[in-house]
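Taking it in order: structure first as structure tokens, then the write-up.
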């Protein structure tokens, strides 16, 4: 039996950016577009060219994607032609193969928000779509407030979308802009649209999570016949967020009710990268990944109840609706150390650390990881620190040097021009072999700007490592992430440092402490130690 | 038209406690039970007496509630009578007016996980329910894995629940234990159960969020006829969580599709406390509230898009599915570089800052926001700093005090026990009126733990604010977020600080600098200034 094609349309880079606190840089947009493309998304909406500098810059140097890159904008305004509308021109000038124009379909919004007549609005939709298709763009029409509009005035709502359809729009996307429509209503109204003469394979669905049902609303539209799904990674988006593609994709690919009827561009292999993509997005946004996220959350396959855990040991399917490996996730069973150990050996093997299956030190390493993760460490984002932890337990990390003490001072005061200026200074005292080394650095960069206490500390630590100096000279700190997290009963600071060397290697280390300077220093030390170890440096005898 | 009664059954204290990282104390259980009772919940499941000391202690001194307190347990085991089953005895000995027993209804689980025959299992269910009802307990039967069981062997699944029903169980609760069933399947199977002879007003529904559809699945069962809803506050629960009552209740009470047909025990007045209850639970659990939570999330009514904000200013219903005040929430129009003039005017109006529409200072404020956001500030996450920025431009922020200088020192060295220990010390020098104030604090908390340099600085700043001290004494720093971001050409640190006072007000401020201590200090200063301003403190003359 042939399956129908469902098209996935991602709007993380546009509607996802409406999330409070989210503002992507152009480089981050490129990074996310590449992930979406690898996942197998059909359309990537990159932003609204002309609306802000970042979006314009993104389209000025667009990524090369298999997915159809789409520029977002709105239908032309009244009182000017489509050719002379500068907002529409900016969208078309982005030069993408596809454009998505939002337009009003709710009569009240036309007359009250826009302040134009219903016929003027219909004309704006028609003329805009004709203008885009005339330039050979695949045109999506986002029918704003469609469901609320249909409830208020079904004739006008249908008239508006038929204008777009008849003008040649490839897709008419029914939007539940305010997010308050229920799945059963979405189903009924989508069916009514199809009955009015727009076939389901020309219809898209765009839902928001204001009643916690964005996923269900989207699936209700698919069941009614819609064949394009709009959503975002991790359900980012305005207010409560958009329908989450991170949740919808595994449901469509893995649940027989959908998998038997539909196919998408996401292969089973690509689906296994879903967790990685979800975490990477959180990483870019410096957000704590939500543990309870369906499919990809750290708790999604965690079995806390004792009754569940014992049945899971007999057959995982007893308490799991899918195999977690299908989305790149893993089962967490607090009681079962057996699964944990084979997992650990796999990770270590990836790092070229060979350990026998029955090595008596394996359980200790697992316990250590658990204790430290409870205290706030995050080893999934700091592989180099994880490797050091395991190698230390296996006796494979020599003591290259000893830190005797350090001191960092931050001062802010008026300079001679009566301006407030800051300066940080760090002193680090090490013992290398038999030699004591005192180093001092300040936080001033070559342009005379203060770069802060961690910078001063990093410079002092790396200033004179004696026999090791040549090895670490090409090291630089390329990223620094800080998060306040819960360590036991107290809030602690977790610092993750990304380092890079002249060979282009990049590694991440972690430090945790209530004191941000201490946490940073711990991560810096691990970064240096990992580099010395990986470069095969021989430790000075102590 | 008379409305049908829907019964709300809360299992936050039992299934909610299966959330990874959640472990309530007895006192916390009492606190939560009181909130649930005030909200108007019908049944409060307090835990599993006998399963752990906390739950036993809770039932030993049960709270006095209007709601029916319910003890959870499981059906008797095979090979003994209901009278002689100690697990069942512990449940009944809790002395609650109502009990809820979980039992198996999926044939595979009976034969493989329990290892007994299907008939033995049916007998266990029947005997257990008879035993409970004989002791005048209102009995709920949680039909574990019911939907998966029905799909595998509908005859046996129905036989198991009919045994409970015929034995006198008041409620048969259909559980989607693994959380993988789709809403349409829930609907069809619930209808089949009713067709088999168990009326809808004897049926409950218990769903999990493993496909992100726990709310929709619950509502699908209600639409099919079920009349009891099980869920948890904030959707706590095993793996991805249970159906969230925090989302379901406002949907049932406010959405006409449900409100016209059903009534619950939650009054419109009680509904206004929903946000407070949701936040209080996070507070008890020391969790950061999820901003995107439907109805009660801090972002649930945040309008970031410029187009939305201008329509909202004309009529909030244009982009809001309900009035946020109905659930105790409030509208937010965050400032971001996507926002336009209309956002600014609305935000100022919400902050009770009266500015004429054509005030010549308005464009300057917008430019200032844009410049500062380009430099790394994020005003949509720091409303209080935004308010200060605007009020400063309008000449409405007096200079309460002047910071002359500060110094922070972090030292790490060996103590007399040869352990590495850290200590931070901060000196802050202020001028208040004509008086110069020097304050010094260390980072040690009352338990002797170092809390780091920002803590020391915050303490020194708030140590002696002279005439302002009484106003800031109830302030505390509740959250601290740090992000490395790009400010112009250089990486800078953005610090966001959330503060709270004795009136329960919570406000966020932002600081940006390449130096994390400076950035923190800027955010701390804004936090103090906002509090002084909002509390109407008169500045000392300088």
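Readers should treat all values here as calculations from the given coordinates under stated rules, not as data from a laboratory. Being a predicted model, the structure only gives us computed values, none of them experimental. Neighbour counts are summed over all protein chains in view; Cβ atoms, including those assigned to glycine, are modelled from backbone coordinates with ideal geometry.
For the reader, a short list of remarks on this structure follows.
- For the pair the stretch B:455-506 and the stretch A:511-542, the centres of their Cα atoms are 31 angstrom apart.
- Remark: the stretch B:313-451 is approximated by an ellipsoid whose semi-axes, taken from the C-alpha gyration tensor as √(5λ), come to 42, 22, 15 Å, largest first.
- Alpha-carbon radius of gyration plus Dmax, which is the widest Cα pair, for the stretch B:33-164 in Å: 15.4, 45
- Rounded to 10°, Cα long-axis angle of helix A:245-254 versus longest principal axis of chain A: 80
- A protection proxy built from the mean count of other Cβ atoms within 10 Å ranks the segments B:324-332, A:134-142, most packed first, as A:134-142, B:324-332.
- Using C-alpha pairs under 8 Å with a sequence gap of at least 6, the mean separation divided by the residue count of the stretch B:321-401 gives a relative contact order of 31 percent.
- Between helix B:118-134 and chain B: long-axis angle, C-alpha atoms, 0 to 90°, nearest 10: 80
- Counted over chain B, the DSSP beta bridges are approximately 50% antiparallel.
- Shielding of peptide A:423-436 by partners, expressed as the average count of other chain Cβ atoms within 10 Å per residue Cβ, is 1.
- In terms of its C-alpha gyration tensor, the stretch A:416-542 comes out oblate, because a/c is 1.5 or above while a/b does not outweigh b/c.
- Segment residue A:314-residue A:326, length gained on full extension (0.36 nm per residue, minus Cα span): 2.3 nm
- Rounded to the nearest 5, the antiparallel percentage of DSSP beta bridges internal to the stretch A:4-266 is 5%.
- Contact order normalised by residue count of the stretch A:402-534, Cα under 8 Å, 6+ apart, percent: 15
- Shielding of A:16-28 by partner chains, average beta-carbon count, 10 Å: 5
- For chain B, the relative contact order is 9 percent, taking Cα pairs closer than 8 Å that sit 6 or more residues apart in sequence and dividing their mean separation by the residue count.
- Inter-chain neighbour count for A:203-214: the average number of beta-carbon atoms from partner chains within 10 Å of each residue's beta-carbon is 6.
- Nearest 10 degrees, 0 to 90: helix B:383-393 Cα axis against chain B principal axis: 30
- Between the stretch A:282-331 and the stretch A:47-64, the C-alpha centres lie 37 angstrom from each other.
- Note that the protein assembly as shown carries a Kirkwood radius of 31.3 Å, evaluated over its alpha carbons pair by pair.
- Calculated P(r) tail over 22 Å for the stretch B:274-366, as whole % of Cα pairs: 36
- Modelled FRET efficiency - R0 41 Å, residue A:505 with residue B:288, Cβ distances, 0.05 increments: 0.75
- What separates the residue B:283 label point from its copies, with the point 7 Å along Cα to Cβ, is 3.7 nm, written shortest first.
- Rg ratio for the stretch A:166-224: its Cα radius of gyration over 2.2 N^0.38 Å, N being its residue count, equals 1.08.
- Residues in the stretch A:216-248 that a label on residue A:272 would reach, taking backbone N under 13 Å of a point 7 Å out along Cα→Cβ: none
- For q = 0.08, 0.09, 0.16 Å⁻¹, Debye-computed log10 I/I(0) when each Cα of the stretch B:4-285 counts as one equal scatterer: -0.29, -0.37, -1.28
- In nanometers and ordered shortest first, the copy-to-copy spacing of the residue A:449 label point, defined 7 Å from Cα toward Cβ, is 3.6.
- Fewest neighbouring Cβ atoms within 10 Å first, the residues B:150, B:417 line up as B:417, B:150.
- Label 7 Å beyond Cα on the Cβ vector: residue A:166 copy-to-copy distances, nm: 6.3
- Translational diffusion coefficient (Stokes-Einstein; Kirkwood radius from C-alpha pairs) of chain B at 10 °C, 1.306 mPa s, in µm²/s: 60
- Of all DSSP beta bridges in the protein assembly as shown, antiparallel share, percent nearest 5: 55
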